[in-house]
């Protein structure tokens, strides 16, 4: 089953604005991760938040996790044209599970 | 620093032909290794993962197989390609810290089966 589902599927904003992407999942998780993928390239790991954490920051990135709602959000502040990419959430669940299940992603376009 | 190499970058193969995609990792020992496939506009589907030499776990029954002949080498193969095998194939590695470690991806191979 799809563990991570991102929302919206596509998002277009002006440079300098904030971008918020959401992720919902179905079962309890060990941790939740966010990745970025530039067109035609591999994914790059952005940030990991553990199931006992509620918020985490890394530079212009802010991730929140609400385990009661089974949801996470990724906020990119002061967006730049270089942030244009697809963003994926991914999660593992269950002891010893190596399957990091990815959603279909949010395609972010930042207009200069 | 650790690097991951994946080749070729693009590949066009006829239906029924064999396939071999190779991935190597440098700068780390005993990594966990993964093959993912990404269809157009879709998420990533885990195909195989390996926690050690000769140890392969398959997540999806299909026309593909994987092998790990050396600690930092992971190979994806097929004896006879199908049209449905077209897609973007990504190799990744993670530290051997158990499940849920961050993945580090190669730049992918775009496979088109004609």
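For Cα pairs less than 8 Å apart in space and 6+ apart in sequence, what is the mean separation divided by the residue count of region B:7-114, i.e. the relative contact order in percent?
RCO, region B:7-114: 36 percent.
Could you tell me how far the Cα centroid of region B:16-61 sits from the Cα centroid of region A:22-67, in Å?
Measuring centre to centre over Cα atoms gives 22 Å.
On alpha-carbon atoms, Rg over Rh for chain B using Kirkwood Rh?
Values: Rg = 13.4 Å, Rh = 14.1 Å.
For chain B, the value is 0.95.
Along the Cα→Cβ direction, 7 angstrom out, place labels at residue B:5 and residue B:17. What is the inter-label distance in nm?
That separation, rounded to one decimal, is 2.3 nm.
Take chain A, drop everything but the C-alpha atoms, weight them equally and run the Debye formula without solvent; then report log10 I(q)/I(0) at 0.11, 0.14, 0.21 Å⁻¹ to two decimals.
Evaluating at q = 0.11, 0.14, 0.21 Å⁻¹ gives log10 I(q)/I(0) of -0.32, -0.51, -1.11.
Give me the distance in nm between label points sitting 7 Å out from Cα along the Cα-to-Cβ direction at residue A:80 and residue A:17, one decimal.
Roughly 2.0 nm, to one decimal.
How many Å³ per residue does the convex hull of the Cα positions in the protein assembly as shown occupy?
Output value, Cα hull per residue: 122 Å³.
Using r as the Cβ-Cβ distance of residue A:60 and residue B:110, and R0 as 22 Å, what FRET efficiency do you calculate, to the nearest 0.05?
Computed FRET efficiency for residue A:60 and residue B:110 comes out at 0.10.
Relative contact order of chain A, please, whole-number percent, based on alpha carbon pairs below 8 angstrom and at least 6 residues apart.
Computed value for chain A: 39 percent relative contact order.
Each reported figure results from applying straightforward, stated rules to the coordinates on display, with no laboratory input. Predicted, not measured: the structure shown is a model, and the values here were computed from it. Counting neighbours? That spans all protein chains shown, and the Cβs are built from the backbone with ideal geometry, glycine included.
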